[in-house]
Amino acid sequence: MNKRWMLPVLMLLMVAIAVLTSSTTLEIVATTTGLWCVWLTAREKLWAWPVGLVNVGCFFYMFEEAKLYADMTLQVFFFVLSIYGWIVWLTKREGAEVRPTRTITLREAMLMGVLLVIVTAGWGYMLQTHTDASIPYADALIATLSLIAQYLLSSKVLENWLCWMAVDVMSVAMYAYKELYAVAFLYAIFLCIATAGYIAWKRELQLDRRNGTCANTEQA
């Protein structure tokens, strides 16, 4: 994660895969900015947010063409949550570059679990009955879990990475099924970065706790 050569290599590999799979220009821009954004996020860099906004715009149009309407709608929420995350990461920094990481509370975990079930069921039903979505419930599940993961990420909660790992595994299968191979490959890389991000954030949180500077787990 900290090796400077790793990101350029991954970017070149991503572009090569996109070209070999005859990806569109939009798909190439979407995948490369997405890779850059997740990389910066795992390293807790504020530049992740403006790059993420560009990525959101690209994915919005790409998902519209693929008839993945839940994912398309999701980009609107991502845009709002990215602005929110940018603000959150800049506040209560306690002298650090970004706000300290915290762990999820039991109340938050229970609420997110209930929302996952209810929103997925309702969203999937709406997609199935009112659109020509190809895989409505799978699309809705991934979209809903992604929304939860993004909220936790914007709130600087450690467990966002666990949610993203689940999203990445399901996304690889879905995008491969939709023959969006460059995007499927991107999510395989995302899975590796999310795993590294979780390990790095957890290590930093443990260090902060030892130093007595971490955010309280009950802090909003």
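The values are calculated or read from the model by the stated rules, or taken from the named source; none is laboratory data. Quick caveat, the model's predicted, so the values are computed rather than measured. Neighbour counts run over all protein chains shown; Cβ positions are idealised from the backbone, glycine included.
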Considering only residues that are over 20 Å from residue 104 (Cα atoms) and of a type in the set (Val, Ile, Thr), look in the range 133-153 and name the one that is modelled with the highest pLDDT.
142
Unique residue being farther than 22 Å from residue 83 by Cα, of a type in the set (A, V, I, L, M) and part of a helix (DSSP H, G or I) when the list is 194, 149, 173
173
Which condition does residue 94 not pass, out of (1) modelled with pLDDT under 90; (2) within 17 Å of residue 156 (Cα to Cα); (3) assigned to a helix (DSSP H, G or I), if it passes all the others?
(3)
Examine the range 154-175 for a residue that is hydrophobic (A, V, I, L, M, F, W, C), at negative phi and touching a strand residue (DSSP E or B) at 6+ places or on another chain (Cβ under 9 Å), and state whether such a residue exists.
yes
Looking at the structure I just gave you, is residue 125 among the hydroxyl-bearing types (Ser, Thr, Tyr), part of a helix (DSSP H, G or I) and more than 29 Å from residue 46 (Cβ to Cβ)?
yes
Name the single residue that is surrounded by the fewest Cβ atoms within 10 Å (Cβ to Cβ) among those in the range 65-91 being modelled with pLDDT under 85 and assigned to a loop (DSSP other than H, G, I, E, B).
67
Only one of 202, 156 is modelled with pLDDT of 90 or more, among the basic types (Lys, Arg) and within 20 Å of residue 82 (Cβ to Cβ); which?
156
In the range 1-44, which residues are at pLDDT 90 or above and touching an Asp or Glu at 6+ places or on another chain (Cβ under 8 Å)?
44
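Each row is one residue, and each column tells you yes or no for (1) surrounded by fewer than 20 Cβ atoms within 10 Å (Cβ to Cβ); (2) over 13 Å from the mean Cα position of the chain (by Cα).
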position: 26; (1), (2): yes, yes
position: 29; (1), (2): yes, yes
position: 34; (1), (2): no, no
position: 40; (1), (2): yes, no
position: 43; (1), (2): yes, yes
position: 46; (1), (2): yes, yes
position: 58; (1), (2): no, yes
position: 63; (1), (2): no, yes
Checking residue 52 against (1) surrounded by fewer than 19 Cβ atoms within 10 Å (Cβ to Cβ); (2) within 24 Å of residue 192 (Cα to Cα), which single condition isn't satisfied?
(1)
For residues in the range 98-150 being of a type in the set (S, T, N, Q), within 19 Å of residue 171 (Cβ to Cβ) and surrounded by 18 or more Cβ atoms within 10 Å (Cβ to Cβ), which is farthest from the chain's Cα centre (by Cα)?
120
